[in-house]
Each structure stands twice: as C-alpha cells, then as structure tokens.
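Below: the structure, in structure tokens.
Nothing in this text is a laboratory measurement; each read-out follows from the coordinates by a stated rule. This is a predicted model, so every value here is computed, not measured. So basically every Cβ, Gly included, is an ideal-geometry build from the backbone, and we count neighbours across all protein chains shown.
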Amino acid sequence: MTLNMAKQAQRPCQSERRSSGAARGDYEACVPYKKVWSLLVAAWKSTSLLLAMTPFLCRSLKLPDSGGAMLGQAGSSSGDCKDIIIEGGTLLSMVDGQLPLKNVSIVIRGESIADIRVRDPKSPRPRNAQIIDARETIIMPGLVNAHGHTAMTLFRGLADDVPLKEWLFEKIFPAEAKHLKKETVYWGSLLGCVEMIASGTTTVSDGYFFQDATAEAFDRAGMRALVAQGVIDFPAPGVPDPRENLKAGKGFIEKWLHFSDRIRPGLFCHSLTTCSESTLRGAMEISEEFSLPLQMHLSETSQEVNEVFLNTGRRPAFYLHDIGVANDHLIAVHAVHLDEPEMHLLAERKTRIVHVPESNMKLASGAAKTSQMLKMGLKVALGTDGCASNNNLDLFQEMGTAAKLDKVFTSNPVNMDAATVLKMATVWGAEVLGLERDIGTIEIGKKADIIIIDLEKPHLVPLYNPFSTLVYSANGADVRDVIINGRILMRDRKFQTIDTDEIMAEVKSISERIKRTSLC
C-alpha cells in the first residue's frame, strides 16, 4: 500500500470516538482510518519499522500520532502530532491551597497535562512542539457550566418579561412542540457550543430533548459534556408517548455510554410538578444502574413548592427523600426555595446543587441561599440555564452576578467572595458533575481543558488579585484561547475546528421559520 493510496483512503477521524454508528455525519470516517493502519501493519509485519515510521506517517497522512499506542504502548490519542506548550502568564490552577504561579510553562501531551513548571527560557523544548505565548494572560481551568438547555439558543429573546408559569406553559412548551426536531436541536446546540467556547466554557451539563442531536453537536464542536435525555410526564419532543419516557431515556444512555471520554449520557427529570412519583423513582433506578447523575429542577418557585406540598403533604426535598430519590446521584438545579431543614437533609444525603442566578432573577423566581448552603456543607456549582431565560451562556457574567446577588440578599459583603465563586465555576462544578478526576483543576495527569484570558484590556488593568479580576471585571470576550482534551478549539479568538458562519446562518434560517408562526 503506497502513501498515495493511503491519502486517498484517509478521512478525518478523532481517535477518541468509540462508535461509528452512534452519531451523524463523518463518523464513518473511523473505518478507513483503521483500515489504513491495519493494512500497513499487515504489509510490513515489522513492529520496529512501524514505530519508526509513525511520526512520518502522522504528518503525511494527517492522522493521529499514537506513538505506538496501537501496539500496546502508552502514548497520545489526541489527534495532534505535536506537544502544546503554554509559556508565560499567571497560572490559577484552582488546586486547593496553591497560590497563583507566575511565568509558567505547561506541557500538553495528547489529551492530558504532562508537565507544569516555572518557565526557563534555557530549557530545551520538545521537538515539533506548538508554542502558545501566554505572557500578560491568566491561565486557568476551563469553566464548567453545570446546567443548561443548550439548544434553547433557538428561543433566545422569544418570550421575555413574563412570569415563569406563563413563560413555560404558554410560550416555551408550545414553541418546542412546533419547532424542535433533530435538525433544529443540532444547529441550536452547535450555536450554544460556539457561544460557550468563545466565553471560556469547556464542559457543560445539558438536559433537553432530541439529545442524540445534542450529543452529536457537542462531539463535532469538541466540547466535554454531560448530556441528559429529558424526562417528562406528557407528550414531549421526540417522545410523543409519555409512557415511553423512561424506556427512551435508558436507550439513550445505552447508546452513548461508551461513545467518547468527552460525552457522558444521563437523565434529566424536568420537575416534581411534571414528573410523577413512579417516573422519578424509575429515573433514579436507571441512573443508579449506570452510576450516572440524575438532574432535576427543584424548588425553583414558591408556587412549585406550594403545589408539591398540596399534593404530597411534604416540602419538595423531604418528598424526594420519602420516595428514595434524594441521594448522592441527584443534581438539584435552582434550589431557590429550600428551607433550612431541607438544606440539612440534602447535605446529609450528599445531593449536589446548581445555582443559576441570572435565570432566577429574570423570571423573578427568587434568590437561592447559596452562602448558607455552602456553610451547611452542600456542594454548589454554577450554571447559566437556557438562553430563553438568561439570555446568554457567558459564565463569567454568571460568576459576577452570583457573587453580588448573594451579598445583596444577605446584606453581607463578605459572603460569596471571588475565590469561592470561581471554585463554583471550575473545581466544584467538576465535582458536582462527577468529573473531578479529569477536570476542574490544572494538574499533571488531568485532561487538558484550559483557557487563557487576555489581560491586555483596559477593564482588566491594573491586576492586584486575579480572582477578583476574573469574577468582577472580566467577561467571556476576554477569553483568548481555548483548549479542550488537548485540542486547540479557539486561538486568538479564532475558531480552529468549526465554521461559525455556517452555524449562525443555519440558526438564522430556523429563526425565520419560528417568526412566521407569530410566536413572538
């Protein structure tokens, strides 16, 4: 087999993809990739020759350089033949107890962080390394958006300035019923990926409908994601028969469970007022079977709390405890109207919380008692919710809002300090999603999910405290570079792997169809 033949056969393929049948588009490209290598191995029958030829073939065929990993040796599977070295800048590792480290050198090899040290200009660099000049920047872990409905970018600005119940039942649910399908969810999710990557989010926890399309979009964009199939007890997009909701959810998990290290499936029960006791129990049983989290809106409004109490005689958290759903698999989102006994209960049960302050403010749901939750030992992450109730996915803005909102409602300027809020958006976000072994901090051996913040901006000068600067002064547009799983997705504010113009054009076209229905 000649190199020309191999070039004709080869198509782009990421080695982290596990199943060519799990998603759309070019995923069948993995097959010719494997054929190229198997034919080369069969033709040469020489391990030493193959290992010697690997770097040359990688550059010639533009294939991932596994450094011999296919023959049982440890090596890279990143899809990039070169190490990436980030040089200069101030590192906020978000490791507990570590102070900011200036003038660092971070080596990324494959998907992971291989080395961190103070930069030495005299130290030799690995051959063929790709250098990122990070002087006058902050280097930090990628942000974790712990709750969102990414495809709802489609409905950004569609129904503003109305109460939650009217917003949901008279505006959003009808719009979803008319316009959600695989194609629209795919493009809406891709637009959300563009927005999140551009503002420094590298991991998102998403709950919605037509989640096959959402997972495909996240994979194409290169993001890390917990993708949860929506479960609700009335006809929903993609699941017209609510009696099939748990079956559909379990099928979704089984389909995507081993697809990729970056994409993790799960279930999302909409709320206690839209899911029955049997549905909630069944969703938790499935989540426990696969050792996955179960996401749920909880105590978002006082009206919801009153309705649950009227139907069950219990407040929401105690009702969940009674039916066996309040445990360490549960991720409770909003949690605005939890009282103190409920907080103690959820802390004892190791239930995790996601705070979404801007959505809560916009829909006048209230302000969650976040600082009190933290004092009680609850683990709290930060999320944006969907674009129809926020209306953006900028987690930097969410951090500033979270800090200031808590100070106002507690009349205490000390509460929710900048370092605490930054933990909610990074390391605690990873812990809430069960991903703390891989992401959330910058440490040797962890996945290389890293963002670089450009400090050469008027609103970021001077720099006294990097935590305060990031939370109170920075915004998503200050993110210069984004690396996820060792792959550069944005460099100098330019996307490297996806066509943003195409994505925005597709969503604009979909929005024209939505406008013609006069939903606005």
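Values as computed for the structure displayed
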{"item": "Amide hydrogen neighbours beyond the local backbone of V333, cut-off 5 Å, H modeled", "result": "M296, H297, L298, V354"}
{"item": "Cα-based reach from K250 at 22 Å (exclusive), listing lysines while leaving out same-chain residues under 8 positions away", "result": "K181, K182"}
{"item": "Net +/- balance of residues flanking D233 in space, Cβ distance below 12 Å, scoring K and R +1, D and E -1", "result": "-2"}
{"item": "Calculated FRET efficiency for the pair E443/K102, C-beta based, R₀ 25 Å, to 0.05", "result": "0.90"}
{"item": "Phi to ³J(HN,Hα) by Karplus 6.51 cos²θ - 1.76 cosθ + 1.60 over the range 114-128, Hz, x for Gly, Pro", "result": "9, 7, 9, 7, 5, 5, 10, x, 8, 6, x, 8, x, 4, 6"}
{"item": "Above-threshold pairs, the threshold being 18 Å between Cα atoms, out of K447/K494; K165/K379; K102/K447; K350/K375", "result": "K447/K494; K165/K379; K102/K447"}
{"item": "Cross-link table K457/K515; K178/K362; K362/K508, entries beyond 27 Å C-alpha to C-alpha", "result": "K457/K515"}
{"item": "Integer Hz, Karplus 6.51/-1.76/1.60 couplings in order for the range 473-489, x for Gly and Pro", "result": "10, 7, 9, x, 5, 7, 6, 9, 10, 9, 10, 10, 6, x, 10, 6, 9"}
{"item": "Dipole in debye (nearest 20) - the range 143-495, about Cα centre, beta carbon charges: Lys, Arg +1; Asp, Glu -1", "result": "520"}
{"item": "Rounded if a/c under 1.5, otherwise prolate or oblate - the range 151-292, Cα gyration tensor axes", "result": "oblate"}
{"item": "Gain on full stretching of the segment that runs from F234 to N306 - 0.36 nm per residue minus C-alpha separation", "result": "23.8 nm"}
{"item": "Segments 395-407, 313-325, 192-204 sorted - mean Cβ within 10 Å per residue, highest first", "result": "192-204, 395-407, 313-325"}
{"item": "Additional length obtainable on full extension of the chain from E244 to E285, 0.36 nm per residue less Cα span", "result": "13.2 nm"}
{"item": "Gain on full stretching of the segment that runs from M504 to K350 - 0.36 nm per residue minus C-alpha separation", "result": "51.4 nm"}
{"item": "For S112, residues with placed amide H under 5 Å, excluding near neighbours", "result": "A448"}
